[in-house]
1. Please name which of B:297, A:634, B:248 has its Cα lying farthest along the dipole of the protein assembly as shown towards the positive end, using unit charges on Cβ (Lys, Arg +1; Asp, Glu -1) and the Cα centre as origin.
2. Compute the acute angle (0 to 90°) between the alpha-carbon long axis of helix A:476-497 and the principal axis of greatest extent of the alpha-carbon atoms of chain A; round to the nearest 10°.
3. Consider a paramagnetic label point 7 Å from the Cα of residue A:649 along Cα→Cβ; state which residues of the range A:612-630 have an amide N under 17 Å from it.
4. In Å and from the alpha-carbon atoms only, list the Rg and Dmax of the range A:433-504.
5. Cut-off is 10 Å between beta-carbons; in what order do B:59, B:350 appear when sorted fewest neighbours first?
6. Report the label-to-label distance for residue B:376 and residue B:210 in nanometres (one decimal), using points 7 Å from each Cα along the Cα→Cβ vector.
7. Given the C-alpha centroids of the range A:1-57 and the range A:521-593, what is the distance between them in whole angstrom?
8. Once Rh for chain B is found with the Kirkwood sum over Cα pairs, what is the Stokes-Einstein diffusion coefficient at 25 °C and 0.890 mPa s, in µm²/s?
Amino acid sequence: MFNKILIANRGEIACRVIKTARKMGIGTVAIYSDADKNALHVSMADEAVHIGPPPANQSYIVIDKVMDAIRQSGAQAVHPGYGFLSENSKFAEALEAEGVAFVGPPVGAIESMGDKITSKKIAQEAGVSTVPGYMGLIEDADEAVRISNDIGYPVMIKASAGGGGKGMRIAWSDEEAREGFQSSKNEAANSFGDDRIFIEKFVTQPRHIEIQVLCDSHGNGIYLGERECSIQRRNQKVVEEAPSPFLDPETRKAMGEQAVALAKAVNYASAGTVEFIVDGDKNFYFLEMNTRLQVEHPVTELITGVDLVEQMIRVAAGEKLSITQDDVTLTGWAIENRLYAEDPYRNFLPSIGRLTRYRPPQETAAGPLLVNGKWQGEAPEGETAVRNDTGVYEGGEISMYYDPMIAKLCTWAPTREKAIEAMRVALDSFEVEGIGHNLPFLSAVMDHPKFVSGDMTTAFIAEEYPDGFEGVTLPEVDLRRIAASCAAMHRVAEIRRTRVSGRMDNHERKVGKRWVVTLQGQDFAVQVNADKEGSTVKFDDGSSLRVASDWTPGDQLAVLDVDGSPLVLKIGKISGGFRVRNRGADLKVHVRRPRQAELAKLMPEKLPPDTSKMLLCPMPGLVVKIDVEVGQEVQEGQALCTIEAMKMENILRAEKRGVVAKVNAGPGDSLAVDDVIIEFE
Amino acid sequence: MKDILSELEGRRDNARLGGGQKRIDAQHARGKLTARERIELLLDEGSFEEFDMFVSHRCTDFGMEKQKPAGDGVVTGWGTINGRMVYVFSQDFTVFGGSLSETHAQKICKIMDMAVQNGAPVIGINDSGGARIQEGVASLAGYAEVFQRNIMASGVVPQISVIMGPCAGGAVYSPAMTDFIFMVKDTSYMFVTGPDVVKTVTNEVVTAEELGGASTHTKKSSVADGAFENDVEAMAEVRRLVDFLPLNNREKPPVRPFFDEPGRIEASLDTLIPENPNTPYDMKELIAKVADEGDFYEIQEDFAKNIITGFIRLEGQTVGVVANQPMVLAGCLDIDSSRKAARFVRFCDCFEIPILTLVDVPGFLPGTSQEYGGVIKHGAKLLFAYGEATVPKVTVITRKAYGGAYDVMASKHLRGDFNYAWPTAEIAVMGAKGATEIIHRADLGDADKIASHTKDYEDRFANPFVAAERGFIDEVIMPHSTRRRVSRAFASLRGKQLKNPWKKHDNIPL
């Protein structure tokens, strides 16, 4: 076994690999760019080597620099993680030349699977099901119909040069194929000046399901079940799970065997992933093979008990696989949610900056399920596990140079339903402040009926959130639980206020029992009866909820038990109440005395000014230049003006298309935050 | 006998109706609450004790003798806020537009006199059209009586003004002399002369809101210390402020139970200071992470944002915070920030509130507008205020403390009790580049030499140790232990006794 391994990566995956290496007693070397000087992976590793400026193309993916770091540190093996150099055959070759082990497959496997056309050909030869299609030129409509029949309807007729839906038709019959061919051809000729057309099988209700394979260099190969990754946003996976709620054992077996056959066909030796697209009738077709560790590998580890990173290292060291296909069992259910530094309310724009608060939920995965990478048997009924793979920490910086994914939160439970419920609670318990993040969106997906039922396709996000994400509206049953909790908490805070020094003896304030809780536009009149163990909160319709918690004023996370079921609220401060985040909803909760509530009703509702048609100055600064003039039409992303702040020039861009109606500032003007720079029509 | 008792009830009911239901409805239609409703929200339930409910005016001119509503346009009395006594007056816009008459003023004066005598804050709720014109000079005399009492009460009991409607002309000077002025957005305004007079005299066309609304006074003029969304929020937030304040200058600031470990370690503060000295960071994060439960009551949040002022609690006890804000103008001192902080420091000193100063200051803002505006005298106000303050003073330098601004910001030399610095602190006459260009003027043409001199200067002076060697810094502390160190420092200063020499009063450069 190796004494020292270098991890040619950063972020959570570098930390992930370091953990396993440490467990195996192998020394670790991190590499880092200027931007990652204070990163978590650097402090976790035994050694760290600086490899250059922040942009990855000047540091993490410069083979020479990584090779220097290897020489400098004397590492005997390199784990590439994912992304960066993980599927770069030149890097694998360079390592080979240097006599350093690559924790990944042989160069040949990387090369042959790295090319879409070659990989498809090899797959076909290995008996792997591929999307049927005709790649050659199609002369006329008759030929198109004949080919369509060969493939089997429905088919997709596509322009070779196509894009953006142009020159694309779906045909379910000969007639539609004939028409589709003609119109695609015309459209393609007009739009692209290139009327070449090809036809392939149209996969209906497509799901993205992939098989994890593991092979050694002695000709052994196994598959470790599948992962379903259908919840994607613009081809970026957001939620993954294992197993898939869709597959039956026969399909799983067929897919697994084909995946292993493909791996063996290229002499694969490491962990790898064979991606399939699966249609509504469980027909599956090969998409591509990823010759590296996948981001979403933890869900497989959680249901199989296999530490994939350990296996990769052992294989790279020449060891034989210690497990056979028969040893592989899939136990329980695991779900992964990817936490991105992306603001879901701003069309998932990446958000960078300082993590002023970062408190992931308590991890429990390492306990019951995985000890030294060995499966510890079935967890006790009802027990769940939480695992969080992360590369950041409170006080750390999310920089603009790298992937915006900051953590992978996984839960495991004996059933899918329980794993989802555990995920909901884990998401509610996750505290992130300082940057925009997609936690509310993830919560929304975990509560979405289609996800809950397992009935989803790769179009899930595009179909269910066509206009983006606008937050969550909670049903009344949830509002009541939150209202009861807030009333009980508010009462605790108010009683504390009466314990201030300097009060008039014998004339202390008595904190009342009756409160009106206002949230999401609804009022709940409640009576809070507190005792030693908690509070019984009675609603005016006679129903009541029992709230117990050890929350004290100032706690930013309230862990409550409401009528026997857990409720976790992220608490912020607002005047006269709480700002509460729960299940993807962001609520302002006011708790008022009845008289106060009555008078609050008299207060005019103030609508926030409509700033959607304005460009507001995001920071105090000086206008360097204005790039547009009145009447000009601007496109999304177009530069509108440059603001200099703190000696930095910041270019402000249009968030959407519009016409400039008014320009309120000129070069040299000094602006404050939220000053209106440009107004649109 | 019953009849006599019920007559009292009848008179009370009548007085409580103020200017009548129609005017109450009109007040509500404007989005405003009535004088009594505001008191209900301000004070603990059922704690209000009213004075002078049946006082009425004595004017007989212009037919005034025909209307003599009980109370005369202001509700006065006392009550408690979380069990602590406060005096309150609340002008009733439904009675003669809340205008101030001789008797109206007398009612206010009565409770102010009691407040000073009994040692409890005065909270004034202003909603008044101005002087009662029918009473002429008697009304003006009334204002002046109130002014005189504001002056006498200043520094004896906290005075808080809440502007919840019009407040114009002479009326503005009573709030102006109180400790804090709060306004309600969209429904309050303050000015010496209104838009009509402005138009006549200067030909300027301006709305009441632009001239003296909450936005104007919190952002531009700094007359107001804060603005709230509506009457309900305003009253709730004034209650919250009172929780921080001592009742008078003979008492210590209040202490209340707290649920936060004084020794709480904040590892994230170790990375608060960015690698690049020219990169800003948010000082409010440090304040929130030092304070009990992250609770911070900011004063003048929207004005001179290059300095932050407000109240926190440490181990349950009120502490005033003054902090440079590197996010705005690099946290430099200028006319506005000096004035803002000086007034806050003096308030704390009046009422025995300890002061925590967080320093990251590159110096004073240069420029003609500053010099012409008298930055010398305004900057001196803050210097003066810190120097005369005898309350416990703890200072933490996080990064820059350059030049005269270092001296000003509660330095050791101004009788700072604990002067801490983070290892990232740079205590020097100026930044390395500027210093080098002066010291090595001869080498200005040679970029390499200047760079090397700059490096030498940085190595020598861009740290807290030169100051620590001289004892100007008591201790260099780890950022993550700031809360623990500062809490212990204030705990050790609870018995502090320090007196300035006797004087009639000082002569701060106003």
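Since every read-out is calculated from the coordinates, none of them should be taken as a lab result. Small disclaimer: the values here were computed from a predicted structure and weren't measured. Note that we place each Cβ from the backbone using ideal geometry, even for glycine, and neighbour counts take in every protein chain shown.
1. Final value for the positive-end residue is B:248.
2. Value to nearest ten degrees: 50.
3. A:621-628
4. 19.8, 66
5. Working: B:59 21, B:350 18.
Fewest-to-most Cβ neighbours within 10 Å comes out as B:350, B:59.
6. About 3.7 nm, to one decimal.
7. The range A:1-57 and the range A:521-593 have Cα centres separated by 43 Å.
8. Working: Rh = 24.8 Å.
Diffusion coefficient, whole number: 99 µm²/s.
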